[in-house]
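The values are calculated or read from the model by the stated rules, or taken from the named source; none is laboratory data. Since this is a predicted model, take the numbers as computed values, not measurements. FYI the Cβ positions are ideal-geometry reconstructions off the backbone, even for glycines, and counts take in every protein chain you see.
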Amino acid sequence: MRVWYPYTQMLGLAPPIEIVRGRGAWLEAADGRRYLDAISSWWVTLHGHAEPRIADAIARQAAQLEHVILAGFTHRPAEELAERLLPLLPQGLEHLFYSDDGSTAVEVALKMALQYWQQRGQPRRRKLIALEHAYHGDTLGAMAVSARSPFTAAFDWMLPPVERVPSDNLAPLERLLSEQGPRVAALIMEPLLQAAGGMFVQPAEFLRGVHRLCREHGVLLIADEVLTGFGRTGTMFASNGAGDGASPDIVCLSKGLTAGFMPLAATACTEEIFSAFLSSDRRQTLFHGHSFTGNPLGCAAALASLDIFATEPVFERIDAIARHHAARLSRLRSHPLVADVRQAGTVGIIELKQTDSGYLAAIGPRIQSLCLERGVALRPLGSVVYVLPPYCITPDELGGVWDAIEFSLDSIGATTL
Ligand SMILES: Cc1ncc(COP(=O)(O)O)c(C=O)c1O
């Protein structure tokens, strides 16, 4: 095979399914088979695959201006996206720094926070705090703040040290901050839903508590909303869902930013952070950028997606998905193979009883292939199976996804129990 696939053991790999077309919640393969996309591709698709208005917006932009260096030059889609997006974000976020994927949005956030304290005359504030089970991406800085796992194992020795606290208990964070608060630059967290680390759902009170402690100790709060942004947990951003008290200092966005059409990311920050970089000393610049930073096609896609949010009942669709998940999860709760069920808005989660736990648990691939045979695309995280559909999915389609999962559990249960 010429292509080296991500997160994929290439030894003996069966040829992946070639997808030739997408429409709504469906993917169509080269052999004519169709698959219901129950995971929004890589958690990115919002309004459906190949959504015509977004596709048209990208085509129009490509015919006008496909790219321009975003330093010394700018373009209307980048400016307009910042103007329209910032008012939707939690209160106090006033500036947008573009990059191109979730990991880079996180790298930018970490660099912003660390350089901010140096330029505010507090260079001793250089510790970072992250949560257990966190996942923030695969680049080095993002790996450093992610939980240790098979993803990071080969590189653990070279990752900068990070303080780690539980994601279900405020007391250890409180202790850490009271001992080391003046040396801490920032705390990074995935608000309400820790996704790739195992789909752990936190109550809004936990988010509010973290926010309060960060405020008390002058620590910057970075909300990684790469997944939770754009309605995933039921409100436009998870940080909004926790109420005004939870307004972070920095927010990372990607994935749903372009409704899944283009690689684009943004890191939003407060006026206070932005102003720490304003200086006649050019060394106080944020020296960060990527070739495709703020690409016009990505910005055009993001604007078209915001138009859909503005003109269609997207939040009614989101609520309907959440209700549907809740009904199916309450039924599955008592299934003999199910250890726990959880939900965060449009993400319905079941954790299976397993002896081999973690990302490499064998049951995940079994469920995945059983569902695939029934035309449903899933990608369990080890023993954690979740449904994270595009918002355009119909009730019948979503019912079909849960039926396939139930069928798979029943057929595995019949052979193992
Ligand atoms: C919360 C969170 N942050 C960051 C990332 C990394 O994003 P990307 O894969 O676009 O680099 C992910 C990806 O799953 C994520 O879920």
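Quick rundown of the values:
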quantity: In the stretch 133-156, the residues that are within 14 Å of the ligand (Cβ to nearest atom) and assigned to a loop (DSSP other than H, G, I, E, B); calculated: 133, 134, 135, 136, 137, 138, 139, 146, 147, 149, 151, 152
quantity: Matching residues, the stretch 13-49, being within 30 Å of residue 310 (Cβ to Cβ) and surrounded by fewer than 14 Cβ atoms within 10 Å (Cβ to Cβ); calculated: 21, 42
quantity: The stretch 390-406, residues that are more than 17 Å from residue 341 (Cβ to Cβ) and either surrounded by 15 or more Cβ atoms within 10 Å (Cβ to Cβ) or outside the structural domain of residue 343 (by TED's automatic domain parsing) (or both); calculated: 390, 391, 392, 393, 397, 400
quantity: Among residues of the stretch 245-281, those that are modelled with pLDDT under 95 and surrounded by fewer than 20 Cβ atoms within 10 Å (Cβ to Cβ), counted; calculated: 1
quantity: Leading residue by the ranking (modelled with the lowest pLDDT) among those in the stretch 91-115 that are away from the ligand (no atom under 16 Å from the Cβ) and out of contact with any Lys or Arg (no Cβ under 9 Å at 6 or more places or on another chain); calculated: 91
quantity: Residue list for the stretch 116-132, filter: in a loop (DSSP other than H, G, I, E, B) and either within 11 Å of the ligand (Cβ to nearest atom) or touching a Leu at 6+ places or on another chain (Cβ under 9 Å) (or both); calculated: 125, 126
quantity: Checking residue 316 against (1) out of contact with any helix residue (DSSP H, G or I) (no Cβ under 8 Å at 6 or more places or on another chain); (2) in a loop (DSSP other than H, G, I, E, B); (3) under 28 Å from residue 265 (Cα atoms), the condition it does not meet; calculated: (2)
quantity: Looking only at the stretch 302-330, and only at residues there that are under 18 Å from the mean Cα position of the chain (by Cα) and buried (at least 22 other Cβ atoms within 10 Å of the Cβ), the one that is nearest to residue 350 (Cα to Cα); calculated: 305
quantity: Among the candidates 293, 270, residue that is touching a Phe, Trp or Tyr at 6+ places or on another chain (Cβ under 7 Å) and of a type in the set (Ser, Thr, Tyr); calculated: 293
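This table checks each residue for (1) without any contact (Cβ under 8 Å) to a residue 12 or more places away in the chain; (2) more than 20 Å from the chain's Cα centre (by Cα).
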| position | (1), (2) |
| --- | --- |
| 33 | no, yes |
| 63 | yes, yes |
| 68 | no, yes |
| 88 | no, no |
| 92 | no, yes |
| 101 | no, no |
| 116 | no, yes |
| 124 | no, yes |
